[in-house]
1. Can you work out which of the residues in the stretch 72-112 that are hydroxyl-bearing (S, T, Y) and part of a helix (DSSP H, G or I) is surrounded by the most Cβ atoms within 10 Å (Cβ to Cβ)?
2. Scan the stretch 263-280 residue by residue and report those that are in a loop (DSSP other than H, G, I, E, B) and within 13 Å of ligand 2 (Cβ to nearest atom).
3. Would you be able to say whether some residue in the stretch 299-311 is of a type in the set (S, T, N, Q), at pLDDT 85 or above and within 20 Å of the chain's Cα centre (by Cα)?
4. Say we look at the stretch 248-262 and pick out the residues that are assigned to a helix (DSSP H, G or I) and out of contact with any strand residue (DSSP E or B) (no Cβ under 8 Å at 6 or more places or on another chain); which of these is surrounded by the fewest Cβ atoms within 10 Å (Cβ to Cβ)?
5. For the stretch 291-313, which positions are of a type outside the set (A, V, I, L, M, F, W, C) and either part of a strand (DSSP E or B) or on the phi > 0 side of the Ramachandran plot (or both)?
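The values are calculated or read from the model by the stated rules, or taken from the named source; none is laboratory data. Please read all numbers here as calculations on a predicted model, not as lab measurements. Because the Cβ atoms are built from the backbone with ideal geometry, glycine has one as well, and the counts that use them run over all protein chains shown.
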Amino acid sequence: MIKNKNFLKLLDYTPEEFNYLLDLSAKLKKDKKEGTEKKYLSGKNIVLIFEKDSTRTRCAFEVGAMDQGANITYLGPSGSQIGKKESIKDTARVLGGFYDGIQYRGYAQETVEILGEFAGVPVWNGLTDEFHPTQILADFLTIKEKFGKLEGIKMAYLGDGRNNMGNSLMIGAALVGMDFKIVAPKDLFPEEELIKKAQEIAETTGAQLTFTDSLEEGVSDTDVVYTDVWVSMGEEEGIWKERIEKLLPYQVNSNVMDMTAKNSIFLHCLPAFHDQKTVVGKDIWEKFGIQEMEVTDEVFEGSKSIVFKQAENRLHTIKAIMVATLAGEI
Ligand code: CP
Ligand code: NVA
């Protein structure tokens, strides 16, 4: 269905294509667990370009490719000519001649769009400042596993509503007919233009998209609570103070979870600032005098949190993207 197609942003996908990827992910996950996985990518060569750090996305592409019989090259932020001596357009044409597929994680969405235009092989967006589309497949597979469906599921995303996660969850929710709420200060709602595009999709699927700065309106009786870091990779360290002031009222803590549906779950794309016992985030906590940020340790470690199941699903969903775009229907 999507053989040879790029995976650059969810706006480029129809509900049917998106649901096809979710079904394929579930199948590949089952096959792997049962020891019956077939290799659909034998002999394929894949290059992974990372201009920003990664644990989950890089490892999901590497293990997914290896499980499927493909070979991988990793290109990190230094050590290649990319973006320094050589333009992205030229890089695309060079790598497109060597490889069957290209993953890119970096800053501008425009960069991955140029790669996609000129490579001549499928290009996959592993995160840009604007979108993180592979993450959404893992999130929605996790929700579907829990509730058995996506249509009509109530989801509240708390925090920075205009970062790559807020933007991508909104488009994903529109594609599958969810009842989705961005719960954030008004100036951190997604850009008007993107909201308009999401609403156009929602009209065709029956999705409900709500934007509210009221915590109570946002999370009451919701099935899924989702949050992300308050300052994303590539943003200025200097904005921490302002973000903490704005977003502390939207922290996911036990009071928030108490307002949700009985069977609700907590999701986070990770990495998360939550563990006061480790050095992660300690410098920020000390500097700004707060102990906890987007999610409390209590919620993160609590019974509603299924973030590590969600993280594992990055592998199965990223594998599905590679198989669907390189091997086609299986
Ligand atoms: N969620 C996610 O993309 O994690 P990484 O930054 O570790 O890839
Ligand atoms: N918004 C976060 C997501 C990390 C997976 C970031 O871009 O840093």
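1. Selected residue: T91.
2. Residues satisfying the conditions are C269, L270, P271, A272, F273.
3. yes
4. Within the stretch 248-262, the match that is surrounded by the fewest Cβ atoms within 10 Å (Cβ to Cβ) is D258.
5. Correct list: S305 only.
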